Amino acid sequence: MSSWSGLLWMLLAVAALAWVVGNLIAVVAMPAVAWLSPRQARHYSWALVLLPWVLPVMSVTVMLLLSLAKSQGWIVDHCLAHQQHHPHFCLAHLPVIASNSPGRFIVALWGTLLLAAVAAAVLRQWHQHHKARMFKRFLPGRRVLANVMDLRPFAFTIGIGAPTIFISQGLKTLLSKRELRIVTAHEIAHIRHRDVVKTTVFEMLLAAHVRRAGLRRHWRFATEALADSRVTRRFDGLELAQVLVRLERAVTATVYPIAIAGADFSARVALLLRAPEHGKRLPWPALAWLVPVALPLVLAWQHHTVETLLGWWLHQ
Amino acid sequence: MTQRVPALGELEIQVLGHLWEHKDATAKEVHAQLVTARNTSANTVQSAMERLYRKGLLARVKAGHSYRYAAIVSKAELLGELINDLVGRFHADTCSSAAAILHAAERIDAHALDCLEEEIRKRRQERAL
């Protein structure tokens, strides 16, 4: 096997290991999201969802820079002092990797599965948005606010480029005019802050995670709670809480399979009953962003250990 | 209609819209209506109606040399299923194209709702004082 591909396999192996570390950190750090205010929870969720993406990219970048630095003599070149078959991150002494090593197979399998998961996520999002465009085509004209002749009480916003708020006839029958304004304000808050776009991107980034449900739940809750908090700038939080309770009563009382989704109802109401922006103000989001910087630097500092591990793994 | 709504193109939606208004029609009749709105050939309309038939949204009966198509599902049914698809069934967890107001998967009993409403009422009274 040619040596450039040997270097490539080593870099892929580093990416795979960094991906595993990113997933582990996300799983361990996820419970902390529940302690944070909705705004902090959103930032923290972004940091966690990006970890399995950023860590491999940063790690591979650092290893490539290290390879370049060694080949240019910017750092002490000890490649020739290593034993034979000890792979190096060095562009002057390219490694040779055994073509039949199980480690290489595992790395290839990981890469294939990750690509498949990402492709599936992108396809899923595309289908959802295609259905959203299809739904909007059933209504004539381009409107921001549209009525749906459906007896179930719901309101939702769809569309990325030109979002539309759909409110059902059932909801209009259930709520007073003021309460409908509150519901509309909630949906407008989603549009103003591009929550549909952000959630779409978030869902695609989740494809690199092994455990997604928890992070998805935290994200959704934070998104809805943030929209609620924006509504409370214009309307009383207790009024919004009352609307949510009325909607929940309607949902539990109906025989129809209610097709509305959002977030943890009781937690949202509890949040509205408390002071705004509750939750500890902790530097968790900032700390989470330190990991993508710290880990690659540690890898670079301990690159000899990494080379030894990879030599054992990819040569066996 | 219990299956998920199949993907529909713009022409297919327009054909469905026409059939919902006119009960049944041949491809030629639909084309005559649509040709003023868009530059579409009769064959294209025929193909769209054939696709809708294969997707299970239209029924057809032979009428001379052509078929008369009629919609099997009503507009309300189709939109209802589409809403379910878009916003997610109440025990599903994959939805991102919609930002909606309430999660139906969490089942709160009536007593808990009564307690919450009582708490809200008390807070409002305290504020009023």
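The values are calculated or read from the model by the stated rules, or taken from the named source; none is laboratory data. Small disclaimer: the values here were computed from a predicted structure and weren't measured. Positions of Cβ are generated from backbone atoms using ideal geometry, with glycine treated the same way; all protein chains shown enter the neighbour counts. What goes into the accessible areas is simple: the full protein's heavy atoms, side chains included, and nothing from ligands, DNA or RNA. Shrake-Rupley method; radii C 1.70, N 1.55, O 1.52, S 1.80 Å.
Give the residue, chosen from A:Thr157, A:Thr184, A:Thr112, A:Thr173, that is free of Cβ contacts under 8 Å to residues at least 60 places away in the same chain, in contact with a strand residue (DSSP E or B) (Cβ under 6 Å, 6 or more places away or on another chain) and on the phi < 0 side of the Ramachandran plot.
A:Thr157
The lone criterion from (1) more than 30 Å from A:Ile25 (Cβ to Cβ); (2) among the β-branched types (Val, Ile, Thr); (3) assigned to a helix (DSSP H, G or I) left unmet by A:Thr157 is number (3). Does region B:45-68 include one or more residues that are surrounded by fewer than 17 Cβ atoms within 10 Å (Cβ to Cβ) and at pLDDT below 85? For region B:45-68, residues surrounded by fewer than 17 Cβ atoms within 10 Å (Cβ to Cβ) and at pLDDT below 85: absent. Inside region B:19-33, can you point out the residues that are out of contact with any His (no Cβ under 7 Å at 6 or more places or on another chain) and either open to solvent by 20 Å² or more (accessible area, probe 1.4 Å) or touching a residue at least 60 places away in the same chain (Cβ under 8 Å) (or both)? Those that are out of contact with any His (no Cβ under 7 Å at 6 or more places or on another chain) and either open to solvent by 20 Å² or more (accessible area, probe 1.4 Å) or touching a residue at least 60 places away in the same chain (Cβ under 8 Å) (or both): B:Trp20, B:Glu21, B:His22, B:Lys23, B:Asp24, B:Lys28, B:Glu29, B:His31, B:Ala32. Only a single item in (1) more than 9 Å from chain B (Cβ to nearest Cβ); (2) over 26 Å from A:Leu273 (Cβ atoms); (3) acidic (Asp, Glu) is not met by A:Asp228, and it is number (2). Scanning region A:181-204 for residues that are open to solvent by 30 Å² or more (accessible area, probe 1.4 Å) and in a helix (DSSP H, G or I) yields A:Arg181, A:Ile188, A:Ile191, A:Arg192, A:Val197, A:Lys198, A:Val201, A:Met204. Identify the residue in region A:102-143 that is of a type in the set (D, E, K, R) and surrounded by 14 or more Cβ atoms within 10 Å (Cβ to Cβ) and, among all such residues, is farthest from the other protein chains (Cβ to nearest Cβ). Here the answer is A:Arg104.
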